[in-house]
Each structure stands twice: as structure tokens, then as C-alpha cells.
Amino acid sequence: MSMTTVDLLVFGPHPDDIEIGFAGTVALHAARGFRVGLCDLTRGELGSNGTVDDRLAEAEAARAVMGAEWRLNLAWPDGGVYDTPAHVSDVVRLVRAAQPRVVAIPYWHDRHPDHRAASECLSRAVFKAGLRRFDVESPPHKPERVCYYFINDDAPGSSALDVSEVYEKKRQALACHETQFAPTAPDRVRTRLTGSTFRQLIESRDARLGALTGVAYAEGVVVRETILFHDLFGNGMKMGHRRDTADTPGAGSKDEDGR
């Protein structure tokens, strides 16, 4: 699958992490005409169920459900997601090639060591992608915003995206990962993910954030920079228009009335 430039680039440590934390947001933006690219850092080879081939096929099936343009896998070692120069360079090259307006990466607090390490490494790499004197073989690209999404946890005071209209797509994308959530192989083992309560945990988190914001389901995001409101009636986290129709490109670009 050829890689094209995208509006939104989403990174996940393992092949099912984007679906757990951000499938609704991916599907929402794809449905609204934004171009979305996905990148998994590892092939999930340390997972208790499923083979690498299984997991790559499931990830591709989920990509199609969510409507993303493409999905890549950097094949970093599972359990070895470290902030190394080689890993940083992998991400820098991808960001510069894909030229996303917005990048989404895992939130920095999470129960899984790979998720925490991925957040640190990706934060550093996305920053370096904008430095013209870093890896001068490719021109710099600085995304307009870096968002952090939740895989296992959440945080009070996070912003929310209403994903109610595409929530069935999230369910379908998660169901693509059969080896992780509903394995049938003779050598399958029970894990935290195979229990029915894990899917319940995902949905209850999204439903709770939805209830707090007045919708059915919502996914949380965090940004580290201060967001400027022009007045108290504006939408500070508005993602803007598609790249090909925007008068002023960028997440949080102005509405037609100038707000």
C-alpha cells in the first residue's frame, strides 16, 4: 500500500492500541473527508495469543473498517520500545514524508511500559521532525498540533471528541482483532483482553466521557500547549477543515465567522 500525505497521523505501540483508544476519532475524521494514516510501532509478537501474521492481517482489516488511507508497521521489537536514535529517526522520516497537520500519540501515563515509552519516544521524534538541522537528508515538517489519546487510562480534565455517530465502527474495528479479544485457537490462553469485562471497560470509559460532555460516546484527548479561545463561545479544539478546502490550514483554524 502506497503512503500518501495525510491530515491526521496516529501512532500506536501495538497493532490493536489505536482501536482501543482512538478508533472512533479515526473513523470520525475519515468519514468527514480528512485523510488519516496509521502507524503501529511493533508487531505485537509478545502477545499471548495470535501470530505476527494474524495480528498484521487483523490490523489491516481494522484499518479498512475505520477508513484510514494506509497503515504501516515499523516492526520495532515488542517490549523494546525505547527512545533510541534509530527509533527517533524512523518516526522523523515518516512524519516528514506524511506531512500530517495533526499527530496523535499515546498519553504519557499508562499501565503498560511500552505505551509510556512510546509516548516519550514519539514526542521527541515529532519535535525533531520540525528541526531543519536534524537529519538534513529530508526537509523538516512541524505538525500544527500533537494530541495524546488514552489506551488503558484517562485523565481528569481531558478534552473530548464526540464519536457517537461512528461508535459502531469502533466496535467493528475492535472485533477485527479476534486473536486478542475472542481467540479460538487450540493453544489460546486467557488474558486481560479476552475477558468480556475488557470490552466493557473500553465502552464504559467512552460512555462516561460522553455523559460528562452531553453525548452518547466520546474519546478523550490531551494537548500540552495552551489553547487560545477568542471568546467563551468558541470551539477551542475544533479540528478545522480538510486540507484541500481549508482557507487557513490547521487544527483549531477559524470558523467562517472568524472565531
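FYI, it's all coordinate maths here, none of it is from the lab. Just so you know, these numbers come straight off a predicted model, no measurement behind them. Backbone-built Cβ (ideal geometry, glycine too); neighbour counts: all protein chains shown.
Beta bridges assigned by DSSP with both partners in the chain are antiparallel in approximately 25 percent of cases.
Residue by residue, segment 220-229 carries 3J(HN,Hα) couplings of x, 9, 10, 10, 7, 7, 6, 9, 8, 9 Hz when phi is fed to the Karplus relation 6.51 cos²θ - 1.76 cosθ + 1.60 (θ = phi - 60°); x denotes Gly or Pro. Over the chain, Cα pairs under 8 Å with separation of 6+ residues give a relative contact order of 22 percent. Shown for Lys142, Lys170, Lys128: other C-beta atoms within 10 Å of each C-beta, ranked fewest to most, produce the order Lys142, Lys128, Lys170. Over all distinct Cα-Cα pairs of segment 1-72, the Kirkwood formula returns a hydrodynamic radius of 12.2 Å. Within the shell defined by Cβ-Cβ distances under 14 Å, the residues around Arg96 carry a net charge of +3, with Lys and Arg each +1 and Asp and Glu each -1. Taking amide H as placed 1.01 Å from N in the peptide plane, the amide H of Ala104 sits under 5 Å from that of Leu9, Val10, Phe11, Cys147, each at least 5 places away or on another chain. Ranked for footprinting exposure by Cβ neighbours inside 10 Å, fewest first, His109, His115 give His109, His115.
Across segment 48-63, computed HN-Hα scalar couplings (Karplus, 6.51 cos²θ - 1.76 cosθ + 1.60, θ = phi - 60°) run 5, 10, x, 8, 4, 4, 4, 5, 5, 5, 5, 5, 5, 4, 5, 4 Hz from first to last residue, x flagging Gly and Pro. Across all directions, the average flat footprint of the convex hull enclosing the Cα atoms of segment 8-222 is 11.2 nm².
Ranked by the mean number of other Cβ atoms within 10 Å of their residues, highest first, the peptides 88-97, 26-35 come out as 26-35, 88-97. If you take all other residues with their beta carbon under 10 Å from the beta carbon of Ala125, and give Lys and Arg +1 and Asp and Glu -1, the sum is 0. For the listed peptides 153-166, 185-198, 36-49, a ranking on the average number of other beta carbons within 10 Å per residue, highest first, reads 36-49, 153-166, 185-198. Restricting attention to the chain, lysine pairs at least eight places apart or on different chains and with alpha-carbon atoms under 26 angstrom apart total 7.
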